[in-house]
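For reference, the structure discussed in these notes is given below.
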Amino acid sequence: MAGKSPEEEHPIKAYGYAALDQSGHLTPFKFSRRATRDIDVRFKVLFCGICHTDLHFIKNDWGFSQYPIVPGHEMVGEVTEVGKSVTKVKVGDKVGVGCLVGSCRSCDSCAEDLENYCPKQVLSYASPDFDGTVTYGGYSNEMVCDEHFIIKFPENMPLDGGAPLLCAGVTVYSPMKYYDIAKPGNHIGINGLGGLGHVAVKFAKALGAKVTVISTSDRKKDEALNHLGADAFLVSRNPEDMQAAVGTLDGILDCVSAKHALLPLIGLLKTHGKLITVGAPAEPLELVLSPLNMGRKMIGGSYIGGIAQTQEMIDLAAKHNITADIELVAMDQVNTAMERLAKGDVRYRFVIDVANTLKAP
Ligand code: NAP
Ligand code: ZN
Ligand code: ZN
């Protein structure tokens, strides 16, 4: 007799919102999750942030999306069940899951707590899981996850404003540490004041750097300077602004989601300056090499962060009262939120109030 199909091994009935094709339109969707294994934590999803990556995925911007997709990799919830070997958390604890729900746990990257660079990593959604099923993310009522990938939520961290840190937070924190750009005595630029960019300003300030925000217009200037704590503001589409700041920055964290010019950013760097990219525009960007060579400058990339560093980031955020500035939206408003995100009309992260607004289909 044939064994159970992977789907039959998934007895936990779940529901959420899914994109069914590259129109990206999200619609109520029923699915199931695996039974809680000994090493698993099951939780009720309370809030889930909307990352621009969710938008890239549902719209198939990168050309490899497979549908249906239940997005969401900034999810926070309350533990409802733990497997018998789980030690990290107990029923009732508040927990988070970011972009990763699996990795091989034996490669060089995994051995260094860099599960994010594991070639066999399993993403929280739209990713083949080890049991042959495809993962579904946090735009859903409940979640089951290997405890290794569970982040413990600090007591004083608001659940809604804290949720976006699980992706946006660690994505900007990790390169600040690795490339050693955000520290006292350094002046860094944050390019693109969106979900990632605005938490980047907060972390860079907490780590002691002087911060200049680089933005496409002056619409966010007042908030950047007077609310987010930036020291200076440059409009990237204003050549005079940019010219006046040439050669002033030790590093730039580029958080822009669409194609943009790199040359003016390289020009802002001092000799030995570092341009670090985390944005993932669908189109290739142009790079002229001599401005890099002439100043011994470098360009580097970075991708989310490992689990230990995600915990470190969120504990540091709790200590410094860092949260995302959010607009809380109901689940059935998610398509409007996506349309607004595509236009850059969000201050600065949409978070879905999952527990209060997601209705059973
Ligand atoms: P977001 O909230 O939409 O912010 C993107 C910002 O980019 C906008 O607020 C805007 O800033 C700027 N921008 C947009 N279009 C632009 C253009 N044509 N030229 C110049 N600037 C433009 O997005 P997000 O959630 O922060 O994500 C940003 C990017 O990072 C996305 O591509 C996402 O997929 C990627 N990402 C990467 C990782 C990683 O691990 N590397 C993790 C998460 C997300 P201003 O309004 O200030 O101009
Ligand atoms: Zn993300
Ligand atoms: Zn690995």
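What follows draws every value from the coordinates through simple rules; no lab data is involved. For clarity, every value in this text was computed on a predicted model and none was experimentally measured. Here the Cβ positions follow ideal geometry from the backbone for every residue, glycine too, while neighbour counts run over all protein chains shown.
Some notes on this structure:
- Computed E for Asn238/Ser32 - FRET, C-beta separation, R0 41 angstrom, nearest 0.05: 0.20
- Unsatisfied cross-links (Cα-Cα over 28 Å) in the set Lys210/Lys319; Lys44/Lys259; Lys59/Lys297: Lys44/Lys259; Lys59/Lys297
- Only Lys, Arg, Asp and Glu carry charge here, each on its Cβ (+1 for the first two, -1 for the last two); on that basis the chain has a dipole of about 400 debye about its Cα centre.
- Size of electric dipole in region 127-167: Cβ of Lys, Arg +1 and of Asp, Glu -1, about Cα centre, debye, nearest 20: 140
- The chain - share of DSSP beta bridges that are antiparallel (%, nearest 5): 55
- At q = 0.11, 0.16 Å⁻¹, base-10 log of I(q)/I(0) for region 169-301 (Debye sum, equal scatterers on each alpha carbon): -0.32, -0.71
- Label zone at Asp315, where the point sits 7 Å out along the Cα-to-Cβ direction: region 146-162 residues whose backbone N lies under 17 Å: 148-157
- Using only side-chain charges placed at the Cβ, +1 for Lys and Arg and -1 for Asp and Glu, the dipole size of region 169-301 relative to its Cα centre rounds to 300 debye.
- Alpha-carbon centroids, region 247-286 and region 43-82: separation in whole Å: 27
- Projecting the Cα atoms of Ala261, Met298, Gly195 onto the charge dipole of the chain, computed from C-beta unit charges around the Cα centre, puts Met298 farthest toward the positive end.
- The slack in the chain from Arg296 to Ile12, taken as 0.36 nm per residue of separation less the alpha-carbon distance, amounts to 96.7 nm.
- Measuring how big the chain is from its alpha-carbon positions, Rg and Dmax come out at 20.4, 74 Å.
- Pairs of Cα atoms nearer than 8 Å and 6+ residues apart set the relative contact order; for the chain it is 18 percent.
- Taking every DSSP helix (H) stretch of at least 4 residues in the chain, weighting each as -39,500 (n - 2.57) and dividing the sum by the residue count yields a mean residue ellipticity at 222 nm of -6000 deg cm²/dmol.
- Region 91-166 and region 181-243 have Cα centres separated by 29 Å.
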